[in-house]
Amino acid sequence: MSGNYSFCTKFTFVAFSSLAELQLVLFVVFLIIYLFTVVGNLIIICLIWVTPSLRTPMYFFLVNLSFLEMCYITSVVPQMLVHLLVETKTISVRGCAAQMYIFAILGLTECCLLAAMAYDRFVAICYPLHYTLLMGPRVCLKLAAASWTTGVVVESAQITWIFTLPFCGTGKIQHFFCDIMPVVKLACIDTSHNEIVMFAISVLFIMSPCLLILCSYVRILVAILKISSAAGRHKAFSTCSSHILVVSLFYGTALFTYLQPKAMHTPETDKATALMYTVVTPALNPVIYTLRNKEVKEAFQRVLQRNPLRQMG
């Protein structure tokens, strides 16, 4: 480093400044989506908790996923809502680091958790007679623990490196939260070599779970095609359809965002894809797992029928 630099002690978000007249409308829309997401995932968690028939490995992972999604959207949206109402949209460097730690850890954990859910479906369809043995409570706990541990260890190391960089200049982040690439762009030094390492880590730890999911579903597809009856094939596929939709939504935006070269990143595309994976995808997960899941819908109906307030009405 050489020359005089004005180091940043805080960052300023430049997110929806061009939509100043629509910020109140955006506030209402994002608030409704946030509340819907939190309440929807809470309902799924409570429903599985009070329904003995749903205490299976698949729903154990779904509880983990629902809890993760609530934390995931909460790490970003409440701050975004506040910034839609105030003129000064700033955050301290420490606050930015805290947000990035939480967001990145939860993101990688979700990658691993979706792979664990794919493995669960693989065992259920390809080895149904050995399912209870291969997917016992201890195995499920180990898979969930491995997912969370991977997210914490890998992303803690990566984010710690990012915040050892010196940040200078105006400190303006062309985003609505502290995402990795917009923050790295504010570094005063050449980060090209470090970005290559960061890109390699992203490829390894995002693509590895993705490849596990693809391998699982190739085996599942082969097993389904061997089922003689159409009803049997439909039943087997229906147990996977919700998970396939969630994986497609999550990985579609993640791959587009984190595995494209730096030169292809623009503030507009970054913000558009970020809205998908921070706001839209978490909101769609409760819908996908309730509307497309017969067991969850039946359990929900039974709970409603037992509700004394409903009976009085």
Q. Given labels modelled 7 Å from the Cα in the Cβ direction, how far is it in nm from V303 to S92?
A. 3.9
(Q) Can you list, by residue number, the Cys in the chain that have no neighbouring cysteine C-beta under 4.7 Å? (A) C8, C46, C71, C111, C112, C126, C140, C210, C215, C240
Q: Would you please calculate the Kirkwood hydrodynamic radius of region 74-130 over all C-alpha pairs and express it in Å, rounded to one decimal?
A: 14.3
**Q.** Computed [θ] at 222 nm, deg cm²/dmol, the chain (DSSP H ≥ 4; -39,500 (n - 2.57); rounded to nearest 500)
**A.** -24000 deg cm²/dmol
Q) Near the amide H of C168, under 5 Å away, which other amide H atoms are found, from residues 5 or more places off or on another chain, if H is placed in the peptide plane? A) C8, C188
Q.
Could you derive backbone 3J(HN,Hα) for region 270-276 from the dihedral phi with the Karplus parameters 6.51, -1.76 and 1.60 (θ = phi - 60°), listing whole Hz in sequence and x where the residue is Gly or Pro?
A. 4, 5, 5, 5, 5, 4, 5
Q) Which residues' amide hydrogens lie under 5 Å from the amide hydrogen of K89, considering only partners 5 or more residues apart or on another chain, with H built in the peptide plane? A) F13
Q | Point-charge dipole on Cβ atoms (K/R +1, D/E -1) for the chain, about Cα centre, debye to 20 | A | 1060
Q | Sparsely packed trypsin sites (Lys or Arg not before Pro) within region 175-255, loop by DSSP, other Cβ within 10 Å at most 13 | A | K226
Q. Structure shown: which of K142/K297; K10/K271; K89/K185; K89/K271 lie over 27 Å apart, alpha-carbon to alpha-carbon?
A. K142/K297
Q: Just the ratio, please: alpha-carbon radius of gyration of the chain over 2.2 N^0.38 Å, N its number of residues.
A: 1.11
Q | 15 Å beta-carbon shell around C140, net charge (K/R +1, D/E -1) | A | +3
Q. How do 271-281, 100-110 rank on mean C-beta neighbours within 10 Å, highest first?
A. 100-110, 271-281
Q | Efficiency of FRET from Cβ geometry, L225 and L81, R₀ 41 Å, rounded to 0.05 | A | 0.30
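Every read-out reported here was derived from the displayed coordinates using simple, explicitly stated rules and does not represent laboratory data. From a predicted model like this one, the values you see are computed outputs, not experimental measurements. No Cβ is skipped: glycine too gets one built from the backbone with ideal geometry, and neighbour counts run over all protein chains shown.
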